[in-house]
Amino acid sequence: MLSRNRWQQAVLLSLVAVLFVVGCGGGDDEGSGGGAGTAAAEQTLKWGLGSEFNLDPGLATDTTSAKLVLNLFDPLVKLADDLEAVPSMAESWDVTGAKVVYHLRSGSKWSNGDPVTAKDYEYAWKRAVSPELASDYSYQLYGIKGAVEYNECEKNCAKLRDAVGVKATDDQTLEVTLTSPQPWFIQQSAHSVFLPVHEATIEKFGDRWTRAQSIVTNGPFKVEGAQPSASITLIKNSEWRDAANVKLERVEGKIIVDGTTAVQSFEAGEVDVLDEQLPAAETPRLKDTPEYELYPGLGTSYYGFNVKDNITDVNQRRAMSLAVDRQSIIDNITQANEKPANAFTPDGMPGEEDIVGEGSPFTPAAGDLDMAKEYMAKAKNPKTKITIYSNEGAPNKEVAQALQSMWKQIGIDSTIKILEWQQFLEFLGPPPPKAVDIYRLGWVGDFVDDINFLELWTCDSGNNNTGFCDKEYDALVAKAKGTPETAARYAIYKQLEAKLTGPDGALPFIPLWYITYPNLERETIKETFKINLLDQVDLTKVEVKG
Amino acid sequence: MSVDPREAVATGTAAPAIADLAAQAGRPVHRASLWRDAWRRYLQNRGAVIAGAVFLLFVLFCLIWPFVTPYDIRSDPVNFQQSYEGPSVKHPLGTDQLGKDLLTKLALGGRISIAIGVGATLAILLIGVVYGSISGFAGGRLDNAQMRLLDALYGLPYLPFAIIVLAIIGENNLWTMVIALSIASWFTAARIVRGQIITLKENDYVRAAKAVGARWYRILSRHLLPNTLGVLIIAIFLELPGVILGEAFLSFIGLGISPPDASLGSLAQEGRAVYRVHPNVIAIPSIAIAVLVLCANFIADGMRDALDPRTRETKEH
Amino acid sequence: MTGFILRRLLWTIPVLLLVIFLTFVLMRQIEGNPFRQTSRAVPLAVQQNLERKFNLDEPWYIQYVLYVKGVFTFDLGPSLVTRDRTVNDIIKEHFPKSVQLGLLAFAWAIVFGIPMGVLAALRQNSAYDYGLMFLSNVGYAVPSFLVATLLIYYVSLKGGLLPTNGWEGSWKYKVLPSFALGLGPMAYFARLVRGSMLETLQQDYVRTAKAKGLRWPRVVVVHVLRNSLIPAVTAMAPLLGFIITGTFVIEVIFSIPGIGRYFVTAISSRDYSVVMGITVLTSVVIVFANLVVDILYGILDPRTRDARA
């Protein structure tokens, strides 16, 4: 039996030994390569990613995942700078009423050598709307005949699956039957959920098919290696149909979740582009640097009312909207040069000038206290003690405080409740509970047609958390969906927008501003790295300049 | 022949001279108490004295300043003109993004942080004392069972449980933070109390009390607990930093106090993003936290040195 | 002796069951929907399909039994939010990194903290004592997110000496985060060792050694140091547990793919199975660490063995 002291020595020594072993050991590495590259190719993009990602197109809900999959897989169409659909994997398409036929190119291959056919797209779309996958974005396919029924199926779903209106009539032809003519469908199919997937791989690997060792892709880039929650390396797919025009050879994506660290990392030269995590508070300092780049986004930030039970008087709602000095909040809190909103339809939406026109009389950029007080006086039984609900996160708290202060000036006392995200979601409902008077939210467009925004406010929309319900509004939305001709449809949109924010509109929410995407981009890639309105980036266009 | 004064008093046959003696004998003899000694020793420890003074001053500042300040953080309007000003006569510590005075915010934040700290610490001690004294005093099977349960509870990771508890309660105000921060950290206190009770239980005066027939709660409250007081007070000042830092940690995650209330942790977290351009916004609450923590530690050390003669200063070497 | 060890070992089972039960009950209390991560509403049918897929529509006792069965067969279930990974995957990929981080932090704490404590004790109440204690405490007192941010700013950005964030790759990535994490335990050790040394320095055998004429440094090392380290050894186990679970802030700031960060994210997104899995895991680690120390203590100090048996 060793003496006491010897035991202590032994314990300490073994601890130190363990430390050495552990400290010098390497980490896990999936696939090949990963981590530190060899002699960095000239055309290498070091990308600071904002969050974890999922490389399954059917499940890629967040923007980081969407950006990655759109460059790993080949969509049927892409969006040009003017947001018109341009051919990608589909050479051409025909639209007749509610039927869309895509004509695919031939000769394209998956990364394992299998040819890309229309069947891959049919499989992917049906999978995206299947009850087994239960994808968040399945609603994007609800415009296809039979999709809703299949998605809601509980058992014996094979028949419903076959009834979904998507069919590969041959290797190069994809026939889609919609529930009604939808002129925006082609553009909508540029969304990541419409990307193809390789059936055999999924059958073989199940949920894990997106691992670096097993994933099979058909886009301009492929996965060289990935470390879970840490990094991903993409290399150019030299087999891609248009590989000759792709300049970028390598993409090294590192996940940096903390905004402040991300900026430090950029400034230390470790990453060349940051597109998700700029903290609002850092923008004033970074705005004047040459690396700063601002992109408009297709989205509206707003504060929604609880119209049914709480803020029932439209005059109070108008007063509260008039009291908000949007420009001041933008200049001092959010600081990303957003445009003050004057409607729900955001800037950049096609047809916006006709739809929105002059804009709402209740959304002056700098606020109008006198008018606000007038409307407040008109309100019968206004609710003067209200509770503001917002989720936590840097500018939200300050924005809520600014609004609280502004509403105080028209006689409304507000209490701010900042909730953690999931709790906040519970409070949103719909329908929102009685406790909620007004809450913070926003809507970012899925595709480039105003119906995506306007249909939010129908009575049974799952994204209408205000309790606003107007049968006429619903009727108009249905009418718009049945109007394929653009000008006529925009005219209906105009009416819908007027019903929301117009001079006689119900104003179930206060439009605040249209979102922007502030980025930091190193000068070598600044010219070619672009984010479009839907927050997508096309890496085939990126080139590292000298 | 020596007269036993007590006898004289009892039998009432004492002569006046003896009566004097008797009267003197009846009065309790003045001896230095544990506390007086400890206080004296504490004062000799310069560090502990300074720490105590600073701590007291800060607490007083936090308590009093919000009453005398001209600024009302809650109802003053947001003033972007004065956003992020540097220190000036009007705002000795500058302003925050919405133009509100940082000195006042510091005092208010300090109040809440100290309140949470003290509240959680007291809760920890209360639960610990109850649990530990029952366990230590009862002994035997009950003690064993309680200690096994404690072993099990020790396995619960402290901060994750605080987070879970907060998520369950749903609200983030003073009381819920106190509950969350104390719920998984009272175990050590219970063990310390139990240890003390067990040691003291064997003392003669306790046996004497038992022999005389004192009930258990009397023994506990009159004899055992007061003697553990010293250890408990030290424990307070040792737990305090952990709670304050725990609260700062929760604020960093976003589970801190909801506005318009602020704690030192949430103030620091607010300032983190602008540390390059406006370092005062994060520096000030962080320094306040550091000061509180340091002072608490020094006070605890000082008290331990003062109450425990074994660590008295060794002058040799 | 073996009886003692066996008994302690057997006790871990009910302890673990209790921990699992508590975590299970608590997680069920948190409201939230793991299947809704964005503000867009989840269609009802999709919600129901998902609940069915993950057995969330079963009554709670069935779920509990399934879960316990899973734990004892080392299958902690699928992640509800990250569909391509199971909880086992997540733990396998991320836990070792946190352990590494924790152990390295520990190393900093021992390498710097113990000597600081020793020196402070030998020069009690002098400038050294105050200075060292102050310095070590500052590392502990200033909130870690500030320390980490400043370290990155001065050492990485301005100094260019080390990378700003990340973990895999060269050893350079590991320096700053482990140092930042180690500051707290460093102060803790310093104070612990100081206190225990002060106590030991009072002991008679120390005076005897000096009276005998032994050289002071020898006395310190041979007699005082060894006995002062016992409390430090005791402290190591819960401290280790703390480090491993307290790594969240450091992991977020330094972009380290560790289990601490995953844990908090899982709570925010209500990924129940991941939360339970990680909690159970951490409890297991803590329970076994305590067990090891208890056994060690039983070996080192026979008095405790008898008292506890």
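The values are calculated or read from the model by the stated rules, or taken from the named source; none is laboratory data. Since we're looking at a predicted model, the values are computed, not measured. For neighbour counting, all protein chains shown are included, and Cβ atoms are generated from backbone atoms with ideal geometry for every residue, glycine included.
Before moving on, here are some points about what is shown:
- Per-region count, the range A:407-447, residues aliphatic (A, V, I, L, M), more than 23 Å from residue B:257 (Cβ to Cβ) and either over 26 Å from the mean Cα position of the chain (by Cα) or surrounded by 22 or more Cβ atoms within 10 Å (Cβ to Cβ) (or both): 2
- Verdict on residue A:135 being in contact (Cβ under 8 Å) with a residue 60 or more places away in the chain and within 28 Å of the chain's Cα centre (by Cα): yes
- Residues of the range B:161-182 that are part of a helix (DSSP H, G or I) and surrounded by fewer than 20 Cβ atoms within 10 Å (Cβ to Cβ): B:168, B:169, B:174, B:175, B:176, B:179.
- Cross-chain or 6+ apart pairs with Cβ under 8 Å, the range A:455-479 first and in contact (Cβ under 8 Å) with a residue 40 or more places away in the chain, then small (Gly, Ala, Ser): A:465/A:304; A:465/A:429; A:466/A:304; A:468/A:506
- In the range C:26-43, the residues that are more than 7 Å from chain A (Cβ to nearest Cβ) and either at positive phi or among the charged types (D, E, K, R) (or both): C:28
- Any hit, the range C:79-98, residues being away from chain B (no Cβ under 14 Å), touching a strand residue (DSSP E or B) at 6+ places or on another chain (Cβ under 6 Å) and at pLDDT 85 or above: yes
- Selection of first residues in the range A:427-444 that are in contact (Cβ under 8 Å) with a residue 60 or more places away in the chain and within 12 Å of chain C (Cβ to nearest Cβ) and of second residues that are part of a strand (DSSP E or B) and among the aliphatic types (A, V, I, L, M), restricted to Cβ pairs under 9 Å at least 6 apart or on distinct chains, gives the following pairs, ordered by first then second residue: A:439/A:388; A:440/A:388; A:440/A:512; A:442/A:512; A:442/A:515; A:444/A:298; A:444/A:515.
- Some residue of the range B:241-250 being closer than 30 Å to residue A:258 by Cα, within 14 Å of chain A (Cβ to nearest Cβ) and part of a helix (DSSP H, G or I): yes
- Test: residue in the range B:208-216 that is surrounded by fewer than 16 Cβ atoms within 10 Å (Cβ to Cβ), within 14 Å of chain C (Cβ to nearest Cβ), assigned to a helix (DSSP H, G or I) and among the basic types (Lys, Arg): no
- Looking across C:99, C:81, C:118, one residue alone is within 16 Å of residue C:285 (Cα to Cα) and either in contact (Cβ under 8 Å) with a residue 24 or more places away in the chain or crowded, with 18+ Cβ neighbours inside 10 Å (or both). It is C:99.
- Residue C:186 being surrounded by 16 or more Cβ atoms within 10 Å (Cβ to Cβ), at pLDDT 75 or above and touching a Phe, Trp or Tyr at 6+ places or on another chain (Cβ under 9 Å): yes
- Flag if residue B:121 is in contact with a helix residue (DSSP H, G or I) (Cβ under 9 Å, 6 or more places away or on another chain), crowded, with 20+ Cβ neighbours inside 10 Å and in a helix (DSSP H, G or I): yes
- Restricting A:286, A:248, A:278 to those that are more than 14 Å from chain B (Cβ to nearest Cβ) and in contact (Cβ under 8 Å) with a residue 40 or more places away in the chain reduces the list to A:248.
- The set of residues in the range C:107-151 that are within 9 Å of another protein chain (Cβ to nearest Cβ) and among the aromatic types (Phe, Trp, Tyr) comprises C:130, C:134, C:140, C:145.
- Residues within the range A:465-508 that are in contact with a strand residue (DSSP E or B) (Cβ under 9 Å, 6 or more places away or on another chain) and part of a loop (DSSP other than H, G, I, E, B), tallied: 7
- Tally, over the range A:46-73, of residues that are away from every other protein chain (no Cβ under 14 Å) and more than 14 Å from the chain's Cα centre (by Cα): 3
Listed here are the residues, each with its yes/no results for (1) without any contact (Cβ under 8 Å) to a residue 24 or more places away in the chain; (2) assigned to a loop (DSSP other than H, G, I, E, B); (3) within 14 Å of another protein chain (Cβ to nearest Cβ).
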position	(1), (2), (3)
A:244	yes, no, no
A:252	no, no, yes
A:297	no, no, no
A:300	no, no, yes
A:328	no, no, yes
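- Single match in C:104, C:176 (criterion: away from chain B (no Cβ under 14 Å), crowded, with 20+ Cβ neighbours inside 10 Å and within 26 Å of residue A:269 (Cα to Cα)): C:176
- Selection within the range C:24-40 - farther than 24 Å from residue C:71 by Cα and of a type in the set (Lys, Arg): C:36, C:40
- The set of residues from the range C:158-186 being over 19 Å from residue C:94 (Cα atoms) and either of a type in the set (D, E, K, R) or in a loop (DSSP other than H, G, I, E, B) (or both) comprises C:158, C:159, C:160, C:161, C:162, C:163, C:164, C:172.
- Qualifying positions in the range C:258-269 - buried (at least 24 other Cβ atoms within 10 Å of the Cβ) and at the interface with another protein chain (Cβ under 8 Å from one of its Cβ atoms): C:261, C:262, C:263, C:267
- For the range A:205-236, the candidate set comprises residues that are of a type in the set (S, T, N, Q) and closer than 25 Å to residue C:263 by Cβ; within that set, the residue that is surrounded by the most Cβ atoms within 10 Å (Cβ to Cβ) is A:210.
- Contact annotation: residue pairs with Cβ atoms under 6 Å, 6 or more positions apart or on different chains, pairing a residue in the range C:178-203 that is within 17 Å of residue C:104 (Cα to Cα) with a partner that is in a helix (DSSP H, G or I) and β-branched (Val, Ile, Thr), are C:180/C:147; C:180/C:250; C:181/C:250; C:189/C:114.
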